[in-house]
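The values are calculated or read from the model by the stated rules, or taken from the named source; none is laboratory data. None of these values were measured; they are calculated from a predicted model. Note that we place each Cβ from the backbone using ideal geometry, even for glycine, and neighbour counts take in every protein chain shown.
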Amino acid sequence: MLKGSYLPNIRRHGELNAITFHQDVAPPHYANLVRDWLQEKFCDRMIGHGFDNFSSPYSPNLNPCDFYLWGYLKSVVYRDPVPKTLEDFKKVIRREIRKINGETLAKVYDNELVSLHRVLGRKGSWIEHLING
């Protein structure tokens, strides 16, 4: 996904040198092969465990994909009728991502800032119970 879609997209828009990549520690994302590739492409513009710019282990609170996008996509992709093939899933996911408007993205950004301030206020500790509980 990174090689085939993400990287070509950011290169096409001339954004590669402007992006700082935030990496989590999910086992497939933390594999040496993946980390080496990311280090080669993003150099010192990496945030994550094992990189010079270390990420809080509670960073899902700060990652819009974790606190918004994945839940939203699950809620719309798995509505009836549920896609039957991988290609159908891909089509639905792409369609639903294109439907996300600027107003929604602004709200997601605002919520990300609120979460950041909560984490800072708790000196970097866990805040999920404050958000979901």
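Computed values, structure above
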| quantity | calculated |
| --- | --- |
| Test: residue in the range 51-63 that is surrounded by 14 or more Cβ atoms within 10 Å (Cβ to Cβ), in a helix (DSSP H, G or I) and at pLDDT 75 or above | no |
| Those residues of the range 16-31 which are outside any helix (DSSP H, G or I) and either assigned by TED's automatic domain parsing to the domain that holds Asp66 or under 17 Å from the mean Cα position of the chain (by Cα) (or both), in sequence order | Ile19, Thr20, Phe21, His22, Gln23, Asp24, Val25, Ala26 |
| Val34 vs. criteria in a helix (DSSP H, G or I), modelled with pLDDT of 80 or more, not assigned by TED's automatic domain parsing to the domain that holds Gly121 and not charged (D, E, K, R) | yes |
| Residues of the range 1-43 that turn out to be among the charged types (D, E, K, R) and either farther than 24 Å from Arg94 by Cβ or exposed (fewer than 11 other Cβ atoms within 10 Å of the Cβ) (or both), as a count | 6 |
